[in-house]
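A short worksheet on the structure shown next.
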Amino acid sequence: MQQVTLNNCDKTMPAIGMGTVLSSRPGADPSETMKSAILEAIKAGYRHFDTAFIYQSEKPLGEAIVEAIHLGFIKSRDELFITTKLWCTFAQRDQIVGACKLSLRELQLDYVDMYLIHHPLKVSEKIQKFPVPKEMIHPLDIKGVWKGMEECKNLGITKGIGVSNFSRKKLEELLSVAKIPPAVNQVEMNPIWQQKELREFCKAKGIYITAYSPLGAYNTIWGHNRVMECDVLTQIAKSKGKTTAQVALRWIYEQGVSLVVKSLNKERMKENLQIFDWSLSQRDLEKISELPQHKGFTMASLFGPHDFVLQLDAEI
């Protein structure tokens, strides 16, 4: 597994991580399904696991880590890189350390390797269902919230701190007040949504991009099959004896970006790791750079099409 070095983080991060959003399958317990999948992923070679309070997968991930050590798949928790995220209902200065510690209890860990602000907004009450009523959504107090994130790092309960779904505008606001700049910005990115300008900005500022939905997140509220059904990617895959997914993941890796990909299928888990011993040609890269662009995830698709949320979605 290739590793990437992050600014302001005490540990290198594996270039590929496994996503852990719970999936519903008829007749199956989602938590047990995810726990089994994580154990298979550790056996396959995954060492970065991406979770979040809202995913409800922190507990099965923690249980899987305990079991993986017991079974001898890994010697200690230190071999893993664990990312979790601050949920919007806890996004205020006095709740952030407590929220991180709550995640640590679920994970059965003393620290996480990366703690991210999940979205650049605050929700004032516990969310019962999505979309969220307009009156519950508020602007994020970036200065106050980031102080809480910095406190988590200073306390040693996370090795690094960062953000998710932040636009260039929001990153500029954050950088103007941060004592410890964010190490990571986790955003949607794939060959159909290439994020060129945001990538250039983050690179200049020393912020590492991690791509979620690298294959389009089919079967989610916002997901699509444009990546997996892209003729250009399919043709490149055939010419190289690779899968379309491998071409999409390799393209992301060649942009200097890490990624989080999810599969519960053992064979696809292994295939998704097999992107390091070959490369795309200059012509392949040119073809991919010319693909029509379509944004998949919008905050409005999750929280509702409220004016403030639409304004966040429109930011670059």
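The values are calculated or read from the model by the stated rules, or taken from the named source; none is laboratory data. The model shown is predicted, which means the values in this text are computed figures rather than measured ones. Glycine also receives a Cβ, built like all others from the backbone with ideal geometry; neighbour counts cover every protein chain displayed. Please note that ligands, DNA and RNA were not included when accessible areas were found on the heavy atoms of the full protein model with its side chains. Shrake-Rupley method; radii C 1.70, N 1.55, O 1.52, S 1.80 Å.
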Please work out which one of (1) assigned to a loop (DSSP other than H, G, I, E, B); (2) at pLDDT 95 or above; (3) open to solvent by less than 40 Å² (accessible area, probe 1.4 Å) is the condition Ile127 fails and give its number.
-> (2)
Residues of segment 16-41 being within 21 Å of Tyr253 (Cβ to Cβ) and not hydroxyl-bearing (Ser, Thr, Tyr), which ones?
-> Ile16, Gly17, Met18, Gly19, Ala41
Out of segment 167-202, which residues are touching a residue at least 60 places away in the same chain (Cβ under 8 Å), under 20 Å from Thr84 (Cβ atoms), outside any loop (DSSP other than H, G, I, E, B) and not charged (D, E, K, R)?
-> Val184, Gln186
Can you give me the number of residues within segment 70-93 that are out of contact with any strand residue (DSSP E or B) (no Cβ under 6 Å at 6 or more places or on another chain), polar (S, T, N, Q) and closer than 19 Å to Ile161 by Cβ?
-> 1
Of all residues in segment 72-92, which are under 22 Å from Phe303 (Cα atoms) and either among the small types (Gly, Ala, Ser) or outside any loop (DSSP other than H, G, I, E, B) (or both)?
-> Thr84, Lys85, Leu86, Cys88, Thr89, Phe90, Ala91
If we scan segment 216-235, do we find a residue that is under 24 Å from Ala15 (Cα atoms), touching a residue at least 24 places away in the same chain (Cβ under 8 Å) and in contact with an Asp or Glu (Cβ under 7 Å, 6 or more places away or on another chain)?
-> no
Being surrounded by fewer than 19 Cβ atoms within 10 Å (Cβ to Cβ) and among the polar types (S, T, N, Q), is that true of even one residue in segment 148-160?
-> yes
Inter-residue pairs, beta-carbon under 6 Å, first on the phi > 0 side of the Ramachandran plot and among the acidic types (Asp, Glu) and in segment 81-101, second assigned to a helix (DSSP H, G or I) and open to solvent by less than 10 Å² (accessible area, probe 1.4 Å), 6+ apart | none
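Looking at segment 59-97 only, could you name the residues that are under 30 Å from Trp146 (Cβ atoms) and among the basic types (Lys, Arg)?
Lys59, Arg77, Lys85, Arg93
Every residue, every condition in (1) open to solvent by 20 Å² or more (accessible area, probe 1.4 Å); (2) touching a helix residue (DSSP H, G or I) at 6+ places or on another chain (Cβ under 9 Å); (3) closer than 30 Å to Pro131 by Cβ, yes or no:
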position: Ala245; (1), (2), (3): no, yes, no
position: Ala248; (1), (2), (3): no, yes, yes
position: Leu259; (1), (2), (3): no, yes, yes
position: Pro292; (1), (2), (3): yes, no, yes
position: Gly296; (1), (2), (3): no, no, yes
Filter the helices (runs of 4 or more DSSP H) completely within segment 205-279 down to those with at least 2 residues that are among the small types (Gly, Ala, Ser) and farther than 26 Å from Ser164 by Cα.
-> 231-240
Name every residue in segment 52-71 that is part of a loop (DSSP other than H, G, I, E, B) and open to solvent by less than 60 Å² (accessible area, probe 1.4 Å), in order of residue number.
-> Ala52, Ser57
Quick one: in segment 1-39, of everything that is in a strand (DSSP E or B) and under 28 Å from Leu175 (Cα atoms), which residue is most open to solvent (accessible area, probe 1.4 Å)?
-> Gln3
Tell me, which residue of segment 161-189 that is open to solvent by less than 10 Å² (accessible area, probe 1.4 Å) and of a type in the set (Gly, Ala, Ser) is nearest to the chain's Cα centre (by Cα)?
-> Ser164
